[in-house]
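Below is one structure, written out as structure tokens, with a few remarks after it.
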Amino acid sequence: MSSSSAAVAEAVACCRLEKQQRRRLAAFDFDHTIVAQNTDTVVRDLLPTEVVSSRALNELVENDCWTEYMSEVFRLLHEQQVTEARIRDTIRVIPEVPGFVRLIKHLHKKLNFDMIIISDSNSVFIDEWLKAHNLADCFVAIFTNPAEFDSNGQLQVRPHHQQSECKLSASNLCKGRVLEHFVIEQDLRRSIRYDHVFYVGDGNNDICPVLRQRACDFACARQGFAMEKHLIRNRNKLKLRAHLLVWKSGFDLMEQMLALPQMQVSQVDLETPEGQAEMARRASAVAGPTKPTN
């Protein structure tokens, strides 16, 4: 390459680096993470007990067809004349996991995090709950099963996608794939590079995304739930690279996050050379001294 071509390439690279935004991302599960219950089962329980325990519904669960199971639940709810208004009212009053409304607002307003939700619930339930708690504007994207009420008032739900490659995930949603694609797309399309990704979840379907995280990321598992138990029990086998944070509530998680050395530099500082140098210094301090080379 000629000296002039090299200079042009260097200038282009420098221009890209100058334009690139360095940010932090928090990705959340929804059921039993942000909200204290499973939105699907809360709405399902609006059905009479004898309908919920029917053989046809149980066979769908046994065959691991959760999206199809919920489609049948929504059909039965419509058949039982459970209205759209009642379903929405039921969703709105599901309690938060203590401290999560405050955590989300703090990350959004004070720490300037990008935030997304990756959930096996559905878009109607998540949108309804977020609006009721004034959180809808806090998230840059929500990845879940698309849903809508049809002209007859029946809730229709579709799989987010269909996949068979990931054995840790359901056929309708691989959270790891979703998280990876989002991070890559943010970099390629918007020149946003995430210095740290926090994944917050509770269940077995939250294992896949944290196993794809980097050493600079954080896997945040709810204490006493399946995600934490699985990661602790199989930690060596799974080769988890991310730092593991175990939390009890949103208050607890926020306290742990704010205490991290990586969180001591403000988001504004991160976009300056001085801020990035300070972040590198702190990360080096956390990693410990390196062995001298001969």
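Do we have Asn63 as more than 20 Å from Pro146 (Cβ to Cβ) and either open to solvent by less than 70 Å² (accessible area, probe 1.4 Å) or at pLDDT 95 or above (or both) here?
Working: more than 20 Å from Pro146 (Cβ to Cβ): yes; either open to solvent by less than 70 Å² (accessible area, probe 1.4 Å) or at pLDDT 95 or above (or both): no.
For Asn63, the condition - more than 20 Å from Pro146 (Cβ to Cβ) and either open to solvent by less than 70 Å² (accessible area, probe 1.4 Å) or at pLDDT 95 or above (or both) - is not met.
When you look at Gln21, is it open to solvent by 60 Å² or more (accessible area, probe 1.4 Å), under 22 Å from the mean Cα position of the chain (by Cα) and at pLDDT 95 or above, yes or no? When the stated conditions are applied, Gln21 does not pass them. Looking only at residues of region 32-44 that are open to solvent by 10 Å² or more (accessible area, probe 1.4 Å) and in contact with a helix residue (DSSP H, G or I) (Cβ under 7 Å, 6 or more places away or on another chain), we find that the one that is nearest to Glu128 (Cα to Cα) is Val42. What's the total number of residues in region 203-245 that are open to solvent by 40 Å² or more (accessible area, probe 1.4 Å) and outside any helix (DSSP H, G or I)? Final tally of qualifying residues: 10. In region 176-197, the residues that are under 20 Å from Ala215 (Cβ atoms) and of a type in the set (Asp, Glu) form Cβ pairs under 7 Å with partners that are open to solvent by 70 Å² or more (accessible area, probe 1.4 Å) and not in a helix (DSSP H, G or I), at six or more places apart or across chains, as follows: Glu180/Arg212; Asp187/Arg193. Here region 162-202 is the region considered, the condition is being open to solvent by less than 10 Å² (accessible area, probe 1.4 Å) and of a type in the set (Gly, Ala, Ser), and the residue that is nearest to Ser121 (Cα to Cα) is Gly201.
What number of residues within region 67-76 are in contact with a helix residue (DSSP H, G or I) (Cβ under 7 Å, 6 or more places away or on another chain) and within 11 Å of Gln154 (Cα to Cα)?
Residues flagged as in contact with a helix residue (DSSP H, G or I) (Cβ under 7 Å, 6 or more places away or on another chain) and within 11 Å of Gln154 (Cα to Cα) within region 67-76 amount to 3.
Among the residues of region 137-144, is any out of contact with any strand residue (DSSP E or B) (no Cβ under 7 Å at 6 or more places or on another chain) and either at pLDDT 95 or above or surrounded by 20 or more Cβ atoms within 10 Å (Cβ to Cβ) (or both)? So that I can check it myself, show each step before the final result.
Looking only at region 137-144, we keep the residues that are out of contact with any strand residue (DSSP E or B) (no Cβ under 7 Å at 6 or more places or on another chain), and these are 137.
Imposing the further condition that a residue be either at pLDDT 95 or above or surrounded by 20 or more Cβ atoms within 10 Å (Cβ to Cβ) (or both) reduces the set to 137.
Among the residues of region 137-144, at least one is out of contact with any strand residue (DSSP E or B) (no Cβ under 7 Å at 6 or more places or on another chain) and either at pLDDT 95 or above or surrounded by 20 or more Cβ atoms within 10 Å (Cβ to Cβ) (or both), which makes the answer yes.
The values are calculated or read from the model by the stated rules, or taken from the named source; none is laboratory data. Treat the numbers as computed from the prediction; the structure is a model and nothing was measured. Here the Cβ is made from the backbone with ideal geometry for all residues, glycine too, and neighbour counts use every protein chain on show. Just so you know, the surface numbers come from the protein's heavy atoms only, side chains and all, with ligands and any DNA or RNA stripped out. Shrake-Rupley method; radii C 1.70, N 1.55, O 1.52, S 1.80 Å.
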